[in-house]
Structures are given as C-alpha cells and as structure tokens.
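Okay, so here's the structure we're looking at.
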Amino acid sequence: MKGLIRNNFYSMESNVKISFTIALFLSVAAFFVKQSAFIQMIIGAQVFIFIVNVGTSLHADVVSKWNKFELTLPVKYNDIIKAKYISFVMLILFGIVMGSITAISVYVTSGLSNIQSVLYGYEFGFTLAATTAGIMYPLMLKFGTEKNELIMILSVISSIGLLVLAAAILTPLTGEMNMKHPLVGMVSTMAALGIFIGSYFISIKIYQSKEFA
C-alpha cells in the first residue's frame, strides 16, 4: 500500500511542488489584500489547487505503463484504488494546511475576525476538490486519460454546478439564492463528501471490469 501511494506522488512530484509554490504565493498575496471576500477566495483556491494534479498522475501511469504493471503486483484491486483515494485525500489535506497557514497568518497580522467567511473558503475549496476528484477519476478509468484536460474541466464545472444546485434547492430556507449562506456551504460539503466516497466504490467496479489493452 505504501509503495502504491509513494508511486502516485512520484508521478506528480514536480506538479505538486508547483502547487505548493502557487499556494505559498497566494498566502503572501493575502497580506496585501485583507478583505474577507478575497481571503476566502484564496483559501478556496489553495484547498482546490492540489487536486488538479490527479490528471497528471493518471496520465503518467498510462505513459509509463504502470497501470498495466500494477495489475501483476500481489495486491488486491481494492488496495490499488484505495491507494489512489488516499493520495487524493492527502492532496486535499495539503490544500487545507496551506489554507490554514493563510488564515492564521492574516489573523495574527490583521486580526481577521470573520470566521464564517474563512469557513466558507474551506467549504468552497473542499466541495470543488472532492467533487472534481470524485467525478474525474472514475471517468478517466472508464474512458482513458487521452482527454484528461477535458474531463478535468467538465469535473470542475460539475462541482460548481453542485454549489449552484444546492443554493437553488435551499432558497426557501435561506431566503434567497445565496451560495455563501452557511447552510449551503454545509450541504454542498456533505454532498461533495458523499460523491467522493461513492466514486471510490464506482472506481473499484470499473477497475475490476476494465480490460487494459
């Protein structure tokens, strides 16, 4: 299991480093523009930015033919998929850590006290990251990585659509269609988590039935 996870990160090592660099730059930018709306955008972007490396990792597996080689390893299909999803969780956690650095730094230097605004940044970023990974990975398993950019874009659009849908459905409770309402943030986060967990089991089914040419 550890070897599978290590390989996942090895295949996207350079891209993860770039993500850390961008996330750090965003943290620095937060010192200069301290409005709460801007801070939540930065935190959301930091939580999300690491998950975009998923497509790179999967494409690298195909190019190196690792996806064929791993089938010969003395591990269960479930473990192979589980290693992927553990890697996804770790990528999201990287983003949460960088977002926390931003939130803590801004709080210490400027006394930012709008906790709800900061919380929305995490909810927005997690919804995007978890939904994107949950949709993108099964699709790439099913249809291949040749069009990974297109699948990534469609997955991101779907994750944004989830937020819009949640805001629309909850309008009677929130009084208006407000994507930043605490209830919308909570519901969309739970829905994204459900999609992510559900996609794990879907991916196992796809992986077991897929024939690698």
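In the calculated pair-distance distribution of the chain, the portion above 22 angstrom amounts to 52 percent of the Cα-Cα pairs. When the solvent-accessible area of the chain is split by element, carbon and sulfur atoms take up 72 percent of it, the probe being 1.4 Å. All other residues with a Cβ under 15 Å from the Cβ of Ile135 taken together, and with Lys, Arg as +1 and Asp, Glu as -1, what is their net charge? Charge balance in the 15 Å sphere: +2. Span-like helix criteria (full DSSP H runs; alpha carbon extent of at least 18 Å along the helix axis; mean Kyte-Doolittle hydropathy of at least -0.5) are satisfied in the chain by 13-29, 36-49, 77-110, 115-143, 148-169, 182-209. Annotation: peptides 38-44, 161-167, ranked by per-residue average of other Cβ atoms within 10 Å with the highest first, follow the order 38-44, 161-167. Convex hull volume of the C-alpha atoms in region 151-213, normalised per residue: 83 Å³. Taking all protein chains into account, the per residue accessible area for the chain stands at 51 Å² (1.4 Å probe). Ellipsoid semi-axes for region 84-194, based on the Cα gyration tensor and the rule √(5λ), read 27, 21, 10 Å when sorted largest first.
Per residue, the average separation of C-alpha pairs within less than 8 Å and at least 6 apart gives the chain a relative contact order of 26 percent.
The values are calculated or read from the model by the stated rules, or taken from the named source; none is laboratory data. The structure displayed is predicted, hence computed values, not measured ones. For neighbour counting, all protein chains shown are included, and Cβ atoms are generated from backbone atoms with ideal geometry for every residue, glycine included. Just so you know, the surface numbers come from the protein's heavy atoms only, side chains and all, with ligands and any DNA or RNA stripped out. Shrake-Rupley method; radii C 1.70, N 1.55, O 1.52, S 1.80 Å.
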